[in-house]
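Quick notes on the structure that follows.
Bear in mind these aren't lab numbers, they're just calculated from the coordinates by the rules spelled out. Model, not experiment: these values are computed from the prediction. Heads up, the Cβs are rebuilt from the backbone with ideal geometry, glycines too, and the neighbour counts pull from every protein chain shown.
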Amino acid sequence: MDSALIWEMVIKSLVLILALLTGFAYLTYYERRGLARIQSRVGPNRAGPAGLLQPIADAVKLIFKEEFTPGQAYKVIFILAPIITVIPAILITATVPWGGTVTIGGREVMLGIADINIGVLYIMSVASIAVYGVVLAGWASNNKYAMMGGLRSTAQMISYELALGLSFVGVILLANSMRMTEIVEAQRGLWFAFLQPVGAVVFFFATLAELNRGPFDMPEAEQELSAGYNVEYSGMKFALFFMAEYTKMVSISAIIATLFWGGYRGPFIDTMPGLGPLYMFIKIFFILFMMIWVRASWPRIRYDRLMDLGWKILLPLSLSLVFINATGILLNQMWLIPLLSIGAGFLAIQAINLSLRRKENAR
Amino acid sequence: MTESDFATRLNDRFPEGVTADEREGYQGYIIAADKLIEFATALRDEFEFDYLSSVTGVDYPDEGKLEAVYHAYKTIGGAELVFKVQTDRENPEIPSLIDIYPGADFQEREAWDLLGIKFTGHPDLRRILLWEGFEGHPLRKDWQEAYYEADKKPFKSRWPKAEYTRAEAKNPYGANVKYPDKFDPEKWVPEGEDALYGSLAKYETTDKDGLKTDHLTVNLGPQHPSTHGVFRIAATLDGEKIMNLNPVMGYLHRNHEKIGERNTYLQNMPFTDRLDYLSSLSNNFGYAIAVEKLIGIEVPERAEYIRVIMAELTRVQNHLFAIGMFLNDIGAFFTPSLYAIEERELVLDVFEMVTGSRMMCNYLRFGGLARDLPDGSLQKIRDLVFDRLPRKTDEMDRFLSENEILRSRTVGQGYLSTEDAIKYSAAGPVLRASGVPYDIRRADPYSIYDRFKFDVAVRYNGDIYDRYYIRLDEIRESIKILQQAVEQIPEGEIQTGKPRYQMKVPKGESYGRVEGPKGELGFYLVSDGTGNPYRYHVRAPSFINLTAFGPMCKGLKVADVVAVLGSIDIVLGETDR
Amino acid sequence: MTVFIILALVAIITALGMLISRNAVYSALFLVLNFATVAVFYLLLGAPFIAITQVTVYAGAIMVLFLFVIMLLGTDELEDTDNLTWQRPLAIGLAVVLVVEGIYLMLSQNTLGFITTPSEDLGSPQAIGDMLFSKYLLPFEATSILLLVAMVGAIVLTVKNKKGEQS
């Protein structure tokens, strides 16, 4: 490795981390404004023009807040937990390509940190260790609410990881590669969201559960557990949890965009590869809006129903989607895939309705 | 069956121990303490008075007596039956009615707490509103609060010159609270907690394979986002399943009734606003009816119409708020509640225009109203009830009622059977959602409700969904009443006689009740002929509906407790009084 | 080489920490750290696929379940049960034998110098997939059947429990 390459890596990583952190800050603003618009309110509009400085005001407030550690908490882990939560949230974007190769100052630079041949698996593994922060925070707080939040999130994340992983498999089959750039290039003709629409929806739901976002925000569940795993946290430690959640939202949106919505691809991308980050930004923007929209409009699913949905509906559905993809590829009849998968999706919806109706008839 | 028929039948059944109450201005019967259980059983099983609405007590120190007062109703409608049990003031013991009317549970605890009547046979007779180390029983006439000045308002020291001294100046900090003997507040460990947890289920169960399961005791509250105030639920959980649950309240207790007994009659009018602060006009209505019954004063036609309009608008806005907050409780992030609140604001605009205040309206007076409808307000109400509110109610129905998550969270959950609803003295939407078409506006009409065409909203499944949906039904029925009322409202006086600060209230007792948005809101008044009520008791629906809360929640998940609580719709200002 | 030594130290320390720690949760966490270090070893050896799988399966799934169970049972603090009097010296003795044996083997065989960098696509997902579905198809299928049986067993256990509750 020559030193220039190392410098390139360092600079790219720094830029990405800074972008993620700014993105997190402005995502909070975006969410608050978006929610407010949906709820016929105004939202934050005092700090700076149209409230644009609100994230900074929030940050200043949180930094100066008192840090409170409960007397009975397990100190070391209590302090480590927020940090453990943030790191995977940032790490997970390492394999996401933000554009093709551009020439900067005579040097060919790939827009993206690492383009490894197991990019998708890397995402899986980082996502799977992200649960530790939440679990440890819940346990270390030595509080019943926090504990229940931690337990819930463990169970939830393990359950939804399966659907998540199987959706990954579907994409891998379609792209015939685990390398993220190749997945993007495989969507040159048709985005996977159109080739495999149900897979995209399942993936979206599974990521919502992984992110602990409404309607799957069990571990936090303000109304039941008052704040769940982070109930004992205050000040900057709480801000770190917040940061992890929102950074993860950005990261996961980037992953969704890459896997299903053509990644950095868009019009004129082949002639102007520099447009890649812009397209990514637009796609992330829309996916984030979907998440905010979902949160604003749906009540929370009850915990046991959430598990039912994960194990009894999403898991078989995503498993069948893998089969459908494989069949389509084997027979070389790509048109079969969307058709069959939509059929499977309908079956799943019927199953949900049936179970609901059975419960209603039982009353 | 006429009144006298009933009296003869009762006399035949109970030749001894049941005597008519013949004190001046009093009604009902006085039961001997040892006959009470028999009498109540007969009342429930033979005389069809299956609904015990209110249990309270009055202290008569001059006669050395404590009196427990019961109000019972038939759920098929009709007037109330009052019966009383008198007991010795020094050693007051009355058999508990909890086995016959389980709805007496919290009310008997309240009477024990505030008056010191010992209900023998009550399984869990702990203080309910006050804390366990409290000295004395504050509703007794000889109990004096900290910073006590005089028995009755207006206090001589302040009136008419409006002079006052700060209470702290007279009484330094710490010297104004009485504690029981040998009590050190610094070292006090609340033994009530043990009693509370002891009243819950066992901590451990053993299943068939001999595996021991440890149960978790969780306190939801007092500080908790979805208890709608400072309210606490002590629950034992098996995993996330509720094994047993006990509500703990009183954190907002201010001894409303004692303050009410110091106040003059009119001073209580704004004070009732603070009970259920979401529906102050209904509270005014109930209190005004109780006092008007005592005075025997008529209310002018126009005033009655305005009262009905205001009360129904109150119901509409309360139910809007209840639905919105209920949706919030099951985890919809504020969107439904803010849309509901948007409509509620429009109703509050009307309140502000008419009464001058959005929440603490203080609008009704004995024999009329504080002021007439201002110009343009009727038009505003008309716009609301003929256009906006029906449209928005349908819109909410369309958006919310068929939502799959809402249905899966609520349908079949938190079941309260018809029998249980009556047994636990549930009132209002909670009772009607369990299939009892009991609405005081129909069952025992007051004011001018007999003139309007409307249906009593009733649903039969008794689950959370029905308790949610019945509120939409009730909004629609209220809008029907409102539409008729604004069409029919006549011109004329709004007050009988001159408005006065001090009323002449003859001796006697009265029980005024209205169908408040949360259920039967009753005011029990005893007058001794002076300018202040001798006894002022509020039958608070939020408080009594909570009796059924524990049974409803058994076997549900933690998340459902919040939904059940939201579906009961309590306001802590009224629960704790 | 320095990376290797540092990682080796971390791996040993975390392994010891896991053994010594009195708190079950801390033990589990040490184990997670140990798994992570081992994953990095795989990376150093040019087997990223196995490294990532190690993290996903062991750290991400199995240890999370361990933690779940520890927390659910509330047995974070181990009681000092010292009724295993004779096992301890025996275990230490056997461990010493094992270490000595390993060192002896390493020194006598002197294979350290012969470790060569494996070819580029030995650890690549394609290569592993090819191997699994051709040469090692039978063991692969046998493993999956084993896992299926375990899964069915778990389900049967819970179902039986539920019936017991109802009766």
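Relative contact order for segment A:75-169: 29 percent, from Cα pairs under 8 Å spaced at least 6 residues apart, divided by residue count.
Across peptide A:291-297, the mean count of Cβ atoms from other chains lying within 10 Å of each residue's own Cβ comes to 3.
Note on segment A:165-280: with charges restricted to the Cβ of Lys and Arg (+1) and Asp and Glu (-1), its dipole about the Cα centre is near 400 debye.
For the residues of B:332-340, the average number of beta carbons from a partner chain within 10 Å of their own beta carbon is 6. Per residue of C:39-51, other chain Cβ atoms within 10 Å of the residue Cβ number 1 on average. Prolate is the label for the protein assembly as shown, because a/c, from the alpha-carbon gyration tensor with a ≥ b ≥ c as root eigenvalues, is 1.5 or above and a/b exceeds b/c.
Dipole magnitude for the protein assembly as shown: computed about the Cα centre from +1 point charges on Lys and Arg Cβ and -1 point charges on Asp and Glu Cβ, it is near 2080 debye. Charged side chains reduced to their Cβ positions (Lys and Arg at +1, Asp and Glu at -1) give segment A:268-361 a dipole of some 480 debye around its Cα centre. Among the helices of chain B, those built from whole DSSP H runs whose Cα atoms reach 18 Å or more along their own axis and whose mean Kyte-Doolittle hydropathy is at least -1.0 are B:280-295, B:301-329, B:335-355, B:464-488. When each full DSSP H helix of chain A is screened for a Cα extent of at least 30 Å along its own axis and an average Kyte-Doolittle hydropathy of at least -1.0, the helices passing are A:3-38, A:144-175, A:235-260, A:276-297, A:336-361. Based on alpha-carbon centroids, what's the gap between segment B:339-385 and segment C:1-54 in Å, whole number please? Comparing the Cα centres of segment B:339-385 and segment C:1-54, I get a distance of 70 Å.
What is the distance in Å between the Cα centroid of segment B:14-82 and that of segment A:1-59? The two parts, judged by their Cα centres, are 69 Å apart. Largest mean-square fluctuation among A:Gly343, A:Gly276, A:Gly165, in a Gaussian network model of chain A whose springs join Cα atoms under 10 Å apart, belongs to A:Gly343. A quarter of the convex hull surface defined by the alpha-carbon atoms of segment B:256-576 gives 15.1 nm² as the mean projection. Each of A:Met9, C:Ser27, A:Met124 was scored by the projection of its Cα onto the charge dipole of the protein assembly as shown, and the greatest displacement toward the positive side belongs to A:Met9; charges sit on the C-beta of Lys, Arg, Asp and Glu.
In loop segments of segment B:59-101 as defined by DSSP, the GluC sites (Glu not before Pro) with at most 16 further C-beta atoms inside 10 Å of their C-beta are B:Glu63, B:Glu90. Using Cα centres only, tell me the gap between segment B:271-316 and segment A:152-206 in whole Å. For segment B:271-316 versus segment A:152-206, the Cα centre distance is 62 Å. Normalised by the number of residues in segment A:69-361, the average gap of Cα pairs under 8 Å and 6 or more apart makes the relative contact order 24 percent. Of the candidates A:Ser234, A:Ser159, A:Ser253, which one comes out as most mobile in a Gaussian network treatment of chain A with C-alpha springs shorter than 10 Å? Maximum fluctuation in the GNM of chain A, among the listed residues, is at A:Ser234. Pairs from the list B:Lys74/B:Lys118; B:Lys74/B:Lys507; B:Lys152/B:Lys178; B:Lys141/B:Lys293; A:Lys65/B:Lys518 with a Cα-Cα gap above 31 Å: A:Lys65/B:Lys518. Here's the picture: charge each Lys and Arg Cβ at +1 and each Asp and Glu Cβ at -1 in the protein assembly as shown, and of B:Ser447, B:Val486, B:Ser542 the one pushed furthest to the positive end of that dipole is B:Val486. Residues considered: A:Thr69, A:Thr258, A:Thr271. Largest GNM mean-square fluctuation over chain A, using C-alpha springs under 10 Å, is found at A:Thr271. For segment A:56-156, applying the loop criterion from DSSP together with a ceiling of 10 other beta carbons within 10 Å to the trypsin sites (Lys or Arg not before Pro) yields no site.
Derived from the Cα gyration tensor, the three semi-axes of the equivalent ellipsoid of segment A:69-361 are 33, 26, 15 Å, largest first. Ranked by the mean number of other Cβ atoms within 10 Å per residue, highest first, peptides B:455-465, B:127-137 order as B:455-465, B:127-137.
Measuring nothing but how far apart in sequence close Cα pairs (under 8 Å, 6+ apart) lie, relative to its length, chain B scores a relative contact order of 17 percent. The alpha carbon gyration tensor of segment B:471-577 gives principal lengths a ≥ b ≥ c with a/c of 1.5 or higher and a/b no greater than b/c, which makes the shape oblate.
Only one residue of B:His319, B:Pro247, B:Ile94 has its Cα farthest out toward the positive end of the dipole of chain B, where Lys and Arg carry +1 and Asp and Glu -1 on Cβ, and that residue is B:His319. As an exercise, identify the GluC sites (Glu not before Pro) in segment B:332-437 lying in DSSP coil whose Cβ has no more than 16 other Cβ atoms within 10 Å. In loop regions of segment B:332-437 (DSSP not H, G, I, E or B), the sparsely surrounded GluC sites (Glu not before Pro) are B:Glu402.
Averaged over residues, the count of other Cβ atoms within 10 Å places the peptides A:238-247, B:222-231 in the sequence A:238-247, B:222-231, highest first.
Ordering B:Asp124, B:Asp569 by the number of other Cβ atoms within 10 Å of each residue's own Cβ, fewest first, gives B:Asp124, B:Asp569.
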